Amino acid sequence: MGFDAVLTLGVIGVMLIALVMEFLEPDAVIFGALGVLLLAGVVTPVEALSGFANRGMLTVALLFVVAYGVQASGALEFFADRVMGRGKPGRWELIRLMVPVSAMSAFLNNTPIVAMFTPAVREWAERRGVAPSKYLIPLSYAAILGGTCTLIGTSTNLVVNGMLQAESGASLGLFDLAKVGIPAVIVGLIYLLVVGFYLLPDRRGAEGAADGQEYVLEMRVVKDGPLVGKTVEQAGLRHLKSLFLSEIYRGDHVFAAVKPDEVLEGKDRLHFVGVPDGVPQLKKIAGLVPGEEMNWDDIAPAEGPGRLLEAVVSRSSPMLGKTIKEGNFRGRYDAAVLAVRHHGEHVRKGIGGIRLRPGDTLLLLAGSDFRVRWGGARDFYLISKVADMPEIDTKKSLLTLAPLVLMVLLAATGVMDIFKAAVLAVLMLLITRAVTVVEARRSLELNVLIVIAAALGISQALTKTGAAAFLAHHLVESVAALGVMGLLAAVYFVTSLMTELITNNGAAALMFPIAFKAATEAGHDPIPFVVAVAIAASASFATPIGYQTNLMVSGPGNYRFTDFLKVGVPLNLLIMVTALVAIRVGWSF
């Protein structure tokens, strides 16, 4: 193994550590690793940029536009609002949720599906006095499982197929993965119904409210305002409905277990713990304003539909790594952040100094037009109802669903490959103005595309330097005694482990050349090994960071990291066994 191969493996090792430690965002880390390899002369500019011309990556970009069109039409939201039953909450409602979600995820990006279903499921659970935590992990898992059924079900499948086309000229058919995906869906749903439902936490607070609703809201006593000199009792802060005053911050001093006779001073920062429904009460108290440097009049009033809402910060948000003050959140979005939760935990520091991370849940106060302007953006995902359910736009739904159906039919019948069919679908959406050019641009999740393209460039370095062949040779030797199934299991397991630690697309791109060369060195058909990489990279259940939809439900469900481990690790192993058997049967080797 030469110097370039050693350097490549070293750079990848540092990259993996940086991803696990969350040193920077995944797209920055992976692109940085590619940049080092380019500057070191390991890859040429053409090789480094080859990922940006990969058919799989470009197909992912096109499908973002198609999925946005369906989401913007209101069809997904209309369906999500009606999918849950009216009967007694239990496992039957879990079936009603998971079956349609997994079916839709086979043909659409699962991110907007989970984004649309999350507020509907939470509202349904809260109306019936059950914890949303019993239903939101199954929502994410069903979306992930459904994505394994078709070539377009998840971006990972398209990335792997694009690499397969570049390496051998072969391509997977639209429904080839269904040989593995459908058994995985069946086994996964049975597990969640029979075992997973009982492993899921049941977190409800006072009066049956979900713990995931609670926030720490920071309010400020106006200097020289009417509250200065009054006690907590006199100010009307003692017996608030849905909220209680937990702490007072005065300079560097903190008053915990606040007494009713505590006298308020100007610029005191008051921390209230409770649910969002209590916010309108605070607005009525003269001399009490939200945040650090704002007044109620600076933003829309809290009364009325659509003003108080919750949103989960996405991996695409330009606010990542910035404090709310540094990112000028209010100026950028015309909305005020009242409170933040990080993976179900209250964030108690001053609102302006909170540095936002993916998966943070924000309690926002915004104008009634907030949804129109930002509802379809990829900066964050709305997880609460912000208005009454609108009537479904029948014309727009037809204009967006028709290109999707046509794309699937053309790809399934072999008239066009999936890339050309996706190009046609996007052209139809733009020509009919079902999606505008501006909306199409906004629909692209550039961070995902950069991860894919940069990881493909690093994959080029693995192949070119012989590092992939070196790793493949040692992988083959280490499991030689276990035969072809042992090698297949090793490929699947390593890919699955990498997915949980970094990103699904990054894991797939890095493992593909190793798996392909391991299969060819051992004298086996590489296709089953390619399928194993695709399924293993998609089937990520054990951590909230391994897959975007897990991150999306983490805050709303008030889940802890251990909840995903407890429910997800057995499912990971179960899907691994199911996939290996299905691959063996489906490809008869």
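Read-outs throughout are calculated quantities, based only on the coordinates presented, and are distinct from any laboratory measurement. Everything numeric in this text was worked out from a predicted model, so none of it was measured. Note that we place each Cβ from the backbone using ideal geometry, even for glycine, and neighbour counts take in every protein chain shown.
Helix 467-478 and the longest principal axis of the Cα set of the chain meet at an angle near 80°. What angle, in degrees between 0 and 90 and rounded to the nearest 10, separates the Cα long axis of helix 26-39 from the longest principal axis of the Cα atoms of the chain? Approximately 50 degrees, to the nearest ten. Taking amide H positions as modeled 1.01 Å from N, with prolines and chain starts lacking one, the residues under 5 Å from Glu262 and 5 or more places away or on another chain are Val232, Glu233. Note on Leu482 and Asp277: their simple-model spin labels are 5.3 nm apart, each label 7 Å out from Cα toward Cβ.
Pairs of Cα atoms nearer than 8 Å and 6+ residues apart set the relative contact order; for the chain it is 21 percent.
What the Cβ-Cβ distance of Thr432 and Phe175 gives, at R0 = 25 Å and to the nearest 0.05, is a FRET efficiency of 0.35.
Based on other C-beta atoms within 10 Å, arrange Arg357, Arg315 from fewest to most. Walk me through the numbers before you get to the answer.
Details: Arg357 18, Arg315 22.
Ascending Cβ contact count within 10 Å gives the list Arg357, Arg315.
Under a point-charge model restricted to the Cβ atoms of Lys and Arg (+1) and Asp and Glu (-1), what is the dipole moment magnitude of the chain relative to its Cα centre, in debye to the nearest 20? Here the chain has a charge dipole of around 820 debye. Any chance you could give the angle, 0 to 90 degrees and rounded to 10, that helix 561-587 forms with the longest Cα principal axis of the chain? With rounding to tens, the tilt is 20 degrees. Adding -39500 (n - 2.57) for every DSSP H run of four residues or longer, then dividing by how many residues the chain holds, sets the calculated 222 nm ellipticity at -16500 deg cm²/dmol. Annotation: amide H-H contacts under 5 Å for Leu338 (H modelled 1.01 Å from N, sequence separation of 5 or more, or interchain): Leu363, Leu364, Leu365.
Which FRET efficiency, nearest 0.05, do Met1 and Ala53 yield, Cβ-Cβ r, R0 30 Å? Once rounded, the FRET efficiency stands at 0.55. This ranking places Ser459, Ser478 by how few other beta-carbon atoms lie within 10 Å of each, fewest first, which gives Ser478, Ser459. Of the residues Phe197, Phe541, Phe64, Phe561, the one with the fewest other Cβ atoms within 10 Å heads the list, and the complete ranking is Phe561, Phe197, Phe64, Phe541.
Whole-percent P(r), the chain, all Cα pairs, 10 Å bins from 0: 3, 17, 26, 25, 16, 9, 4, 1, 0.
A crude spin-label estimate for the pair Phe561 and Val194, with each label 7 Å from Cα along the Cβ direction, gives 3.2 nm. Between Glu247 and His271, the built amide H atoms are under 5 Å apart, and every one of these is 5 or more places off in sequence or on another chain.
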